[in-house]
Amino acid sequence: MDRIKYAVVTDKSIRLVLKNQYTSNVESGSTRTEIKHWFELVFGVKVIAMNSHRLPVKGRRMGPIMGHTMHYKRMIITLQPGYSIPPLRDYSIPPLSKEKNLNQNT
């Protein structure tokens, strides 16, 4: 579904994963029922609650229009106990050894 932009990875969203809540940004025009059905269909989970909010407006001083509206809203989706969404990708990067650092400097 093209209405879901991306998963949000912040300190708060990582803490919410421990409570079985997942955070993502979606387009402003998408409805709660669309997002709920999409999550249940794609990930095979049961959604029990959804919270959404629009992010604060960032100010802009140039031009006749003051302000900038966000074209997305943030959804916090709570899953039924026993369900979870696996991480989409492992972002762990192994540290470089000293041998590789020495070879790059020469």
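Remark: pairs (first residue in the stretch 27-41, within 16 Å of residue 80 (Cβ to Cβ) and acidic (Asp, Glu); second residue surrounded by 15 or more Cβ atoms within 10 Å (Cβ to Cβ) and at pLDDT 85 or above; Cβ separation under 7 Å; 6+ apart in sequence or on different chains) = 40/47.
Filter the stretch 18-52 down to the residues that are of a type in the set (Gly, Ala, Ser) and on the phi < 0 side of the Ramachandran plot and list them by number. The answer is 24, 28, 29, 30, 49, 52.
Of the listed requirements (1) aliphatic (A, V, I, L, M); (2) exposed (fewer than 10 other Cβ atoms within 10 Å of the Cβ); (3) at pLDDT 80 or above, residue 96 misses just one: (3).
Residues are listed down the side, and each one gets a yes or a no for (1) surrounded by 16 or more Cβ atoms within 10 Å (Cβ to Cβ); (2) among the polar types (S, T, N, Q); (3) in a loop (DSSP other than H, G, I, E, B); (4) modelled with pLDDT of 85 or more:
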{"position": "6", "(1), (2), (3), (4)": "no, no, no, no"}
{"position": "15", "(1), (2), (3), (4)": "no, no, no, yes"}
{"position": "36", "(1), (2), (3), (4)": "yes, no, no, yes"}
{"position": "45", "(1), (2), (3), (4)": "yes, no, yes, yes"}
{"position": "48", "(1), (2), (3), (4)": "no, no, no, yes"}
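The number of residues in the stretch 2-30 that are within 12 Å of the chain's Cα centre (by Cα), more than 13 Å from residue 53 (Cβ to Cβ) and not acidic (Asp, Glu) comes to 12.
The values are calculated or read from the model by the stated rules, or taken from the named source; none is laboratory data. Being a predicted model, the structure only gives us computed values, none of them experimental. Note: ideal-geometry Cβ built from the backbone for every residue, glycine included; neighbour counts use all protein chains shown.
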